[in-house]
Amino acid sequence: MRFLILIFLIVNLYADVKQEMFGLYQNKKYDKVCSLGFDNFNRYKSDEEFVSLYAFACLNSDYIDRLAIPTAMLKFSQEARANSAYFSVILMQKKLLYHSLLDGYELSELKLPTTSYILSKVFDLYTKLGKHEKRTFYLFEDPKDKKLTYKLYLAKDYKITKMVIEEFYDTMLIKRHIYW
């Protein structure tokens, strides 16, 4: 009997974590979902719904480096593999764009898949520049909405240089994305 009670408690505890994450995600509390998923990842890493929810929350809160492990783990269902491919593209674009901005690596010859995620949009616009002189910052106009622009630049702090993408609607800053 104790064994059944213990299993029931464990199942309820698990359901509570996943349910809490889902509720927070629906309320766009992506940072909290990403943190909660990170804290509980080892316990639920075999649940692809949990891993996908965690990864999408981390993506939406710009913790892109946290996508590496979920990308490797999502492989047992068609949906999981599609999510894994999506995360892989964004992670690769982030790494390549950072490498190009910091080290001058040439990207214009690359033909990569893309996504609708902000980093992918900026990556695509940056690669369309072709070979160019290094700039302090880059301004890009969204091809689908002329009022939407993106500013791409590097910001140095005391530990590491970060890549920053600022989204503007007209002249108003909507969001600042910071990656390293």
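The values are calculated or read from the model by the stated rules, or taken from the named source; none is laboratory data. This structure is a prediction, so every number in the text was calculated from the model and none was measured. All Cβ positions, glycine included, derive from the backbone under ideal geometry; neighbour counts span all protein chains shown. Keep in mind that these areas ignore ligands, DNA and RNA; they rest on the heavy atoms of the full protein, side chains included. Shrake-Rupley method; radii C 1.70, N 1.55, O 1.52, S 1.80 Å.
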Filter on 95/162; 28/144; 134/156; 147/175; 111/131 - keep pairs with C-alpha separation over 19 Å: 28/144
Point-to-point label distance, residue 102-residue 154, nm (Cα→Cβ direction, 7 Å offset): 0.8
FRET efficiency for residue 111 and residue 16, using Cβ-Cβ distance with R0 set to 41 Å, rounded to 0.05: 0.35
Theoretical FRET efficiency, 1/(1+(r/R0)^6), r = Cβ-Cβ of residue 145 and residue 60, R0 25 Å, to 0.05: 0.80
Probe 1.4 Å - accessible area at residue 21, Å² to nearest ten: 0
Residue 180 long-range amide H proximity, modeled H, under 5 Å: 163
Segment 131-138 - phi-based ³J(HN,Hα) in whole Hz, Karplus 6.51/-1.76/1.60, Gly and Pro as x: 5, 7, 6, 4, 10, 6, 8, 10
Rounded accessible area of residue 43 (nearest 10 Å², 1.4 Å probe): 140
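Ignoring ligands, DNA and RNA, what percent of the 1.4 Å accessible area of segment 86-180 is carbon and sulfur?
Numbers: 3290 of 5850 Å².
C and S fraction of accessible area: 56 percent.
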